[in-house]
Each structure stands twice: as structure tokens, then as C-alpha cells.
Amino acid sequence: MTPNALPDNPLLDFSGLPRFDTLMPGDVQPAITTLLAQDRALIERLTADDVAATWENFAAPLTDAFEQLSRAWGMVTHVHSVNDVPEWRDAYNSTLPEVSSFYAEVGQNLKLFAGYKAIAEGSEYAQLSTAQRRVLDNEIRDFRLSGAELPAENKPRFQAIAEELAQLSAKFSENLLDATNAFTETISDESELAGLPEDARQAAREAAERDGRTGWKFTLHMPSYLPVMQYADSRRLRAAMYRAYATRASEFGPEALDNSPLIRRILELRREQAQLLGYDNYAEVSLVPKMAESVPQVIDFLQDLACKARPFAEKDIADLRSFAFAELNLATLEAWDVAYVSEKLLQARYAFSEQEVKQYFTEERVLTGLFKVIERLFNVRLKPDAAPTWHADVRFFRIESTDGELIGQFYLDLYARETKRSGAWMDEAIGRRCVRQTAAATAAPGDIQKPVAYLNCNFSRPVRDADGIARPATFTHDEVTTLFHETGHGLHHLLTHVDELGVAGIHGVEWDAVELPSQFMENYCWEWSVLQDMTAHIDTGEPLPRALFDKMLAARNFLSGMQTLRQVEFSLFDLRLHSDFDPAGERSVLDLLAEVRRQVAVLVPPAWHRFPNSFAHIFAGGYAAGYYSYKWAEVLSADCYGAFEEAGDPFDSPTGQRFQSEILAVGGSRTAIDNFRAFRGRDPQVDALLRHSGMITND
Ligand SMILES: [Zn+2]
């Protein structure tokens with residue numbers, strides 16, 4: 001495969017939809033090198049001028065240039081995610097360092113920072129649009145948080161901290177992975193497998209065979225660990241696996257893999273970094289670009305949620321204990337019994353099988369149902385459309401206004417493939433904006449460039465039956481919910497009305513509010529009228545029976561009190577670690593965790609449990625002092641859906657229009673709290689979330 005000559009390089013063609021049909025791995029390096037050189041030259045030119053920076057001569061050309069790079073690189077990362085064959089992996093990995101270092105360089109470029117600041121502080125600022133002002137404010141905020149305003153003598157230290165933190169985070173996840181891999185449990189006596197489903201046994205047998213052994217091998221990876229905890233009748237096996245899992249990367253294992261010293265160091269460095277920036281602690285820094293206003297506000301929110309969930313959680317635990325005692329002959333409910341007893345109680349209370357439900361969710365019916373929901377809610381039309389794609393299974397659609405005007409387009413890549421990254425996600429191909437120059441865009445100057453999104457899932461593809469006849473793909477209810485979730489992200493991107501790329505759609509939306517549209521859409525998977533319309537049994541064509549739906553509904557909130565308290569416990573622990581906890585002080589991280597648990601938990605794990613050592617979200621991911629975001633966004637999405645419930649119709653037209661115009665259309669051009677207030681007419685309230693989770697008794 002010879003790459004395209006540079007003028008024909010599809011990554012450098014911004015005139016229309018991505019040209020997946022002609023794109024070659026060999027196109028990546030030359031295209032990205034060209035764009036990086038162009039961007040560097042532009043930055044050089046813009047920051048060398050003595051001319052005062054204005055929106056037109058500074059911010060706008062930078063937006064154009066950065067857009068080209070992010071569109072081209074976005075196409076590469078997309079193909080790398082959906083077609084991870086060796087040639088593409090090489091093309092991606094060999095170019096990634098150049099791209100990362102370019103972005104790091106831009107983030108540290110003080111002349112760029114000065115340019116943005118000059119516009120923000122000049123007389124032009126007042127004349128700019130709200131969206132443009134917000135783009136500038138965000139740029140300046142991000143430069144500040146990456147240390148741009150520090151006195152020169154503090155900068156090297158700040159930089160050194162950032163680098164050490166990156167290394168520590170990487171080491172934290174490496175240790176965790178190595179510790180996860182270090183443990184295996186091989187069973188030779190089949191009677192110890194009692195209770196385990198056949199597929200879990202099969203996988204364990206194959207795992208042992210790969211080691212050249214007989215018997216059944218279990219590991220601490222989820223697909224192996226979880227079925228044991230849920231189904232294995234052997235309490236010895238569950239206890240052994242649980243202990244190994246709970247003590248990963250701790251002092252109970254090899255010293256080289258112990259994450260305890262890393263945790264302390266990470267917390268110390270984050271605190272030092274925050275103090276260099278003029279804040280008391282890292283949680284304050286983390287909240288600057290978020291919707292939540294202050295640490296006490298988030299702590300109050302979490303404590304309030306804990307209070308409300310507590311009686312339900314206590315009942316959950318009491319139910320589990322009495323069921324364990326009466327039905328399973330377990331005198332005590334140990335930590336390694338919880339998942340097992342929960343599963344048994346779930347079956348006893350709401351017996352129905354996921355497989356049974358799945359027969360009703362056939363692919364075309366689900367898609368038609370989803371599209372109808374979108375059309376009714378937002379007064380738009382969805383139609384099949386054509387575009388070059390990366391795989392024959394990928395479909396392409398357009399969203400139009402009722403009078404036929406194009407609003408946006410999206411790819412839908414539903415099925416799992418070996419070369420596709422796992423999970424489900426939405427990504428953008430093209431963002432909405434008003435176009436300044438033709439070379440960079442899919443539209444003429446002054447025109448609106450229409451947004452394009454990728455929706456990706458990993459569902460099972462259609463199969464042939466025993467007679468070789470093709471059967472439609474069927475999805476579990478969870479999968480359908482996932483599809484609605486990702487579509488919600490997609491609509492946030494596609495239905496925006498904002499003309500400035502930097503704050504159109506999802507761009508610039510606060511991290512703790514970004515899940516609002518996605519979780520909002522999930523509600524429609526629980527509406528009886530929607531489900532009736534969205535289901536047709538694969539053999540009989542019958543819609544989902546009401547009796548089955550009632551069972552699903554009853555099981556929906558199973559143990560939700562307990563689960564809520566667990567999330568609150570993790571969130572409070574995270575927030576307090578990064579605010580009032582002193583990493584250099586006498587108290588240990590485990591002391592703090594114990595204190596948080598005394599406040600909120602109904603189920604306290606054994607003393608040897610080392611939860612912090614595997615809390616990768618906050619020590620190796622981007623969730624430090626941000627784990628609360630899950631619950632925070634859930635309050636917002638549930639409360640928004642509550643507006644439809646109050647109107648008495650999930651498709652209430654004025655409410656749908658308002659959700660579109662005040663939340664989806666404005667995207668990041670306004671703060672999330674202003675969007676919310678404009679839609680709901682008040683501040684967020686937790687009641688709808690409690691009601692949806694079955695945690696309100698009086699209605
Ligand atoms: Zn999401």
C-alpha cells in the first residue's frame with residue numbers, strides 16, 4: 001500500500017466528509033508533520049508581531065489552524081480505535097509523541113497566553129459575542145492552571161511536579177495491572193465450581209489449557225473474577241479471590257508493586273502544585289473548570305445524598321442478611337458473600353432472564369424506535385445518508401429540520417470487531433462553526449459548517465441460524481440503554497446552534513455536567529410507550545409483554561440504596577483526600593477512609609482491604625477530586641427528565657423545545673448552571689434522582 005502523494009493526502013482535505021475510502025496508514029506521518037509545521041509557523045508569526053492581538057488577527061486564525069490539526073488527528077485516532085490492525089497501530093503510535101509534545105508546547109507558550117489576555121483585557125472584549133468571550137475565558141483559565149502566570153522562579157518546580165506526577169500515575173496503573181496479573185487460582189476439583197455458569201467454566205478451562213495445565217484457572221480480571229463472586233457456591237473460593245483482589249498493589253504483595261508510597265507522593269505533589277498556583281489544596285484547583293463551585297458545596301451535596309439514601313441502604317443490607325441466613329444458610333454476611341447473595345436474592349425476587357428480554361430488541365426496531373424518540377423530542381427528521389466509511393458494517397445518517405435543511409450527520413458503528421476498542425463512545429468528526437476561510441472548512445466563508453459525529457458500540461452482529469438463514473441482531477436492554485446514552489452525547493454535539501468551534505456542542509462544557517444529555521436520553525429506555533414501539537420479538541414479532549417489563553422495572557432499583565452509598569463513600573474519600581487531608585501529617589490515607597466509612601457506609605470491608613491502592617480513577621485517571629461528577633451529573637439529568645414527568649408526557653413539546661434550546665443548542669457557550677436554570681427555572685434538586693432510584697417513599 002503506497003501512501004497518497006501529499007496534495008492528495010485525505011488527512012489534508014478539509015473540504016468535506018472524511019475520506020476513509022482512500023486513507024492509508026502511510027498518510028499519517030506526512031500529513032501530521034505538515035500540519036504541525038504549519039501550526040508552528042503560524043504561532044511564530046502571530047506571536048512575533050508587534051501588532052496588538054484582536055479576535056480577527058489572533059484568536060480566529062489559531063482556531064482555524066488548530067481545527068485542521070484536530071480534524072486530521074481525530075480521524076487517525078478514530079481509525080486507530082475502530083481498526084486497530086498493526087499498520088494503523090504503528091502509524092498512530094509513531095506520530096502520537098509529536099502531537100502530544102506540540103500540545104504541551106502550546107499549553108506552555110506564554111506569548112499565546114499574552115495574546116489571549118490582551119484581547120480579554122482590551123476594549124474589543126465587550127463587543128465580542130458571548131461565545132467568543134467564553135472561548136477566551138476558557139483559554140486564559142487553562143493557561144493559568146497550567147502555571148503560565150507563575151513567577152519565573154517557581155516555573156521549573158511547577159514543571160518538575162507535573163512531570164513527576166505523570167510518571168507516578170503511569171507507575172500506579174502499571175503496578176495495579178502487574179498485581180492483577182500476578183494472582184491466579186487454579187482449581188482441580190470440579191466440585192469447587194458449583195454454581196458457576198457454563199461460559200465462565202469454559203473460559204477458566206481454556207485459560208488453564210493455555211498454560212498447558214488441566215483444571216480451571218481464575219484470575220482477577222473482571223470477566224473471570226466477577227462470575228466467581230456472583231455465582232460460585234464455594235465460599236472458600238470467593239474468599240480467596242476477594243482477598244487477593246482487595247489487596248492488589250499493597251504491602252501484602254511484592255514491595256515493588258506496592259502503590260502505598262506512590263499515593264502519598266501523588267497527594268503531596270498535587271498539594272504543592274495547588275499551593276504554587278495560590279490555592280489551599282488540589283480539590284480547589286480541580287473545581288475551577290467544573291460546574292461545582294466549592295469543596296463545601298460538593299461535600300454538602302454528597303452528605304445530603306448519603307442521608308437520603310441511608311435508610312434504603314440499611315434496608316438493602318438487612319434484606320441481604322436475612323435472605324443469606326434463611327435461604328443460603330449463611331450466619332454472617334461477609335464481604336465476599338455480598339455479590340453472591342445479591343445475585344441469589346435478585347433471582348428469587350424478580351426471576352427473568354436477560355436472554356428472554358433480548359429476543360424483543362431487534363436491531364431495526366431499536367433503531368427505528370430511537371430515531372422516533374429523537375424526531376418527536378426535538379422536531380427533526382433522521383434519514384439514511386451516504387459517506388465513505390472504515391468498514392462495510394458502518395451506517396451513516398443525516399439529521400434535518402422539518403423543512404429539509406441539513407443539521408448534522410453521524411456514523412453508526414454498532415458491532416464488536418476484534419480490531420475495535422471495547423466499550424461504547426461518541427466522538428466528533430467535524431464540529432459546528434461559522435466559517436471564516438474556505439481552505440479550512442467544509443463550507444464557504446460566512447456559512448455554517450455542519451457537525452458530524454461518530455457513534456460506536458460493541459454489540460453482537462447478526463448471526464445465521466442452523467439453516468443458514470440470517471437473523472437480525474438482537475440487543476440486551478443494557479445495550480439499548482448504552483446506545484441511547486451515546487446518542488445523547490451525539491445530540492449534544494449535533495444539535496448545537498453555537499457558531500464558535502471552541503464552545504459549540506460538547507466543547508467547553510464543564511466535566512461534571514457533560515453526562516447530562518447522555519444520561520437524560522437513557523430515561524427513554526424505561527418508558528413503556530417507547531418500549532412497546534421499540535420492540536418486536538425476533539420470532540413472533542410481538543412487542544415486549546407488560547408483565548416482563550414490570551419485572552425489569554422492579555429489578556431496576558435493586559440495592560440502589562447500597563450502591564448510592566458506595567458512590568458517595570468513594571466521592572467523599574476522594575474529595576477529602578484532596579482537600580482537608582494532609583499527606584505529610586500523622587494520619588494515614590486509610591485513617592481518612594475509615595472516618596468516611598464511619599460517616600456514610602452501611603457495609604464496612606475487612607480491615608485488610610486496601611481500596612486506595614487500586615483507586616485508579618483518582619491516582620491514574622483524570623478523576624482526582626472529581627469522582628463526585630458521576631452522581632452530580634445524574635442529579636442534573638434526572639432533574640431535567642423530571643420536567644417532562646411534571647408536564648405529564650415524556651414527549652411534551654414545549655419542554656422538549658426548551659431542553660433543546662437551553663441545554664443542547666447553547667452547549668459550552670454558557671455555564672452549565674446557567675443552562676440548567678434557563679431550562680428548569682430553578683437550581684438542581686436531588687428529588688428526581690431519588691425518585692428514579694426508588695428512594696422516595698411518599699409518592
Ligand atoms: Zn457518557
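The values are calculated or read from the model by the stated rules, or taken from the named source; none is laboratory data. What you see is a predicted model, and the numbers here were worked out from it, not measured in a lab. Cβ atoms come from the backbone with ideal geometry, glycine included; neighbour counts cover every protein chain shown. Each accessible area value is taken on the protein alone, full model and side chains, heavy atoms only, with ligands, DNA and RNA left out. Shrake-Rupley method; radii C 1.70, N 1.55, O 1.52, S 1.80 Å.
Would you list the helices (runs of 4 or more DSSP H) that sit entirely within the range 156-260 and hold 2 or more residues that are of a type in the set (Phe, Trp, Tyr) and within 27 Å of GLU343 (Cα to Cα)? Passing ranges, in order: 222-231, 235-246. Could you check how many residues of the range 594-613 are touching a residue at least 60 places away in the same chain (Cβ under 8 Å), of a type outside the set (A, V, I, L, M, F, W, C) and either over 17 Å from ARG265 (Cβ atoms) or part of a loop (DSSP other than H, G, I, E, B) (or both)? Matching residues across the range 594-613 total 5. Scanning the range 474-484 for residues that are surrounded by fewer than 20 Cβ atoms within 10 Å (Cβ to Cβ) and either more than 16 Å from the ligand (Cβ to nearest atom) or under 25 Å from ARG680 (Cα atoms) (or both) yields THR476, THR481. The requirement of being open to solvent by less than 10 Å² (accessible area, probe 1.4 Å), of a type in the set (Phe, Trp, Tyr) and under 26 Å from ALA274 (Cβ atoms) is not satisfied by PHE659. Within the range 126-141, the residues that satisfy the criterion of being surrounded by 15 or more Cβ atoms within 10 Å (Cβ to Cβ) and under 16 Å from MET291 (Cβ atoms) are ARG134, ASP137, ASN138.
Hey, any hits in the range 314-336 for a residue that's within 22 Å of LEU590 (Cα to Cα), touching a helix residue (DSSP H, G or I) at 6+ places or on another chain (Cβ under 9 Å) and of a type outside the set (Asp, Glu)? The answer is yes; a qualifying residue exists. Taken over the range 78-107, the residue count meeting the criterion of being surrounded by 15 or more Cβ atoms within 10 Å (Cβ to Cβ) and polar (S, T, N, Q) is 3. Across the range 175-218, the number of residues qualifying as among the small types (Gly, Ala, Ser) and open to solvent by 30 Å² or more (accessible area, probe 1.4 Å) comes to 7. Looking only at residues in the range 442-473 that are basic (Lys, Arg) and either within 16 Å of GLU363 (Cβ to Cβ) or within 16 Å of the ligand (Cβ to nearest atom) (or both), the one that is least open to solvent (accessible area, probe 1.4 Å) is ARG471. Which residues, counting only those in the range 625-656, are crowded, with 20+ Cβ neighbours inside 10 Å and small (Gly, Ala, Ser)? If the condition is that a residue be crowded, with 20+ Cβ neighbours inside 10 Å and small (Gly, Ala, Ser), then ALA625, GLY626, SER629, ALA633, SER637, ALA638 are the ones that fit. Of all residues in the range 148-161, those satisfying the criterion of being within 24 Å of HIS617 (Cα to Cα) and either surrounded by 14 or more Cβ atoms within 10 Å (Cβ to Cβ) or in contact with a strand residue (DSSP E or B) (Cβ under 6 Å, 6 or more places away or on another chain) (or both) are PHE158, GLN159, ILE161. Looking across the range 485-519, the residues that are in a helix (DSSP H, G or I) and within 11 Å of the ligand (Cβ to nearest atom) come down to HIS485, GLU486, THR487, GLY488, HIS489, GLY490, HIS492, LEU516, PRO517, SER518, GLN519. Being open to solvent by 20 Å² or more (accessible area, probe 1.4 Å) and either within 16 Å of the ligand (Cβ to nearest atom) or in contact (Cβ under 8 Å) with a residue 60 or more places away in the chain (or both) is true for just one of GLN532, GLN567. Which residue is that? It is GLN567.
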